[in-house]
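The values are calculated or read from the model by the stated rules, or taken from the named source; none is laboratory data. Just so it is clear, the model here is predicted, and its values are computed rather than measured. With ideal geometry, Cβ positions are generated from the backbone for all residues, glycine too; neighbour counts draw on all protein chains shown. The protein model used for the area step is the full one, side chains on, heavy atoms only, and it has no ligands, DNA or RNA in it. Shrake-Rupley method; radii C 1.70, N 1.55, O 1.52, S 1.80 Å.
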Amino acid sequence: MFIQTEATPNPATLKFLPGQTVLEAGTADFPSAETADKSPLATRIFAVEGATGVFFGTDFITVTKAEAVDWDHIKPAILGAIMEHFQSGAPVMEGEAQAAGGHAEHTGEDGEIVGQIKTLLDTRVRPAVAQDGGDITFHGFDRGVVYLHMQGACAGCPSSTLTLKMGIENLLRHYIPEVVEVRPVAV
């Protein structure tokens, strides 16, 4: 098994490409070891000292490291953990655990606007962000403000504010006049 790695815009995060499907659909975000109990793969990665976050896409795994840890020291152990997991035949997710579809539900009078926002996120934003090892999902819409949840390499990325304000906000405002601002949320 050959696992490729790619740098992301977030220096604390690396993208690992195992050359096979990680999740059939959706994404899974594990911002801490305590949240990884339904994933044998995430648990194995968190066993590597210095791993502080794990994110799964359909064909990639994004790992975030502690600030004081150097990639040269942690990367070989993460590669080993990923390789051991896939060679063991164990599932990526256990039991009833399902990957998230992404967007939060929205009920209310702004349903049509929210539908347009989600469509733009799914067709224009999320594919580009997945290239960088992350995901951005809809969290809410209130009085012209779109709230987005950033995951994987996007969470804590130094350029995430620029991406939100200059990229996503401008895109949404261009296509949907009711949108006046985009803000990140922590879930």
Inside the stretch 147-174, can you point out the residues that are open to solvent by less than 20 Å² (accessible area, probe 1.4 Å), under 18 Å from the mean Cα position of the chain (by Cα) and within 19 Å of G111 (Cβ to Cβ)? L148
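Quick grid of which residues meet (1) more than 30 Å from Y147 (Cβ to Cβ); (2) at pLDDT 95 or above; (3) surrounded by 13 or more Cβ atoms within 10 Å (Cβ to Cβ):
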{"site": "A7", "(1), (2), (3)": "no, no, yes"}
{"site": "F46", "(1), (2), (3)": "no, yes, yes"}
{"site": "G57", "(1), (2), (3)": "no, no, yes"}
{"site": "V69", "(1), (2), (3)": "yes, no, yes"}
{"site": "I82", "(1), (2), (3)": "yes, yes, yes"}
{"site": "E96", "(1), (2), (3)": "no, no, no"}
{"site": "G101", "(1), (2), (3)": "no, no, no"}
For the stretch 111-145, how many residues meet the condition of being among the aliphatic types (A, V, I, L, M) and within 23 Å of N10 (Cα to Cα)? 6
Any hit, the stretch 13-20, residues being polar (S, T, N, Q), modelled with pLDDT under 95, in contact with a Phe, Trp or Tyr (Cβ under 8 Å, 6 or more places away or on another chain) and open to solvent by less than 50 Å² (accessible area, probe 1.4 Å): no
Just wondering, is there one or more residues in the stretch 138-147 that are out of contact with any strand residue (DSSP E or B) (no Cβ under 8 Å at 6 or more places or on another chain) and part of a helix (DSSP H, G or I)? no
Can you report the number of residues in the stretch 1-19 which are part of a strand (DSSP E or B) and either without any contact (Cβ under 8 Å) to a residue 60 or more places away in the chain or under 14 Å from the mean Cα position of the chain (by Cα) (or both)? 7
Evaluate the stretch 84-91: report whether one residue or more is closer than 25 Å to M150 by Cβ and under 20 Å from the mean Cα position of the chain (by Cα). no
Taking the stretch 148-175 and keeping residues more than 14 Å from V125 (Cα to Cα) and assigned to a strand (DSSP E or B) leaves G152
Take E112 and tell me if it is part of a helix (DSSP H, G or I), open to solvent by 40 Å² or more (accessible area, probe 1.4 Å) and at pLDDT 90 or above. no
Exception for I61 within (1) within 23 Å of H149 (Cα to Cα); (2) modelled with pLDDT under 95; (3) of a type in the set (V, I, T) falls at (2)
Count of the stretch 21-42 residues which are open to solvent by 70 Å² or more (accessible area, probe 1.4 Å) and either at pLDDT 95 or above or acidic (D, E) (or both): 3
Among the residues of the stretch 58-75, are any touching a residue at least 60 places away in the same chain (Cβ under 8 Å) and more than 18 Å from the chain's Cα centre (by Cα)? yes
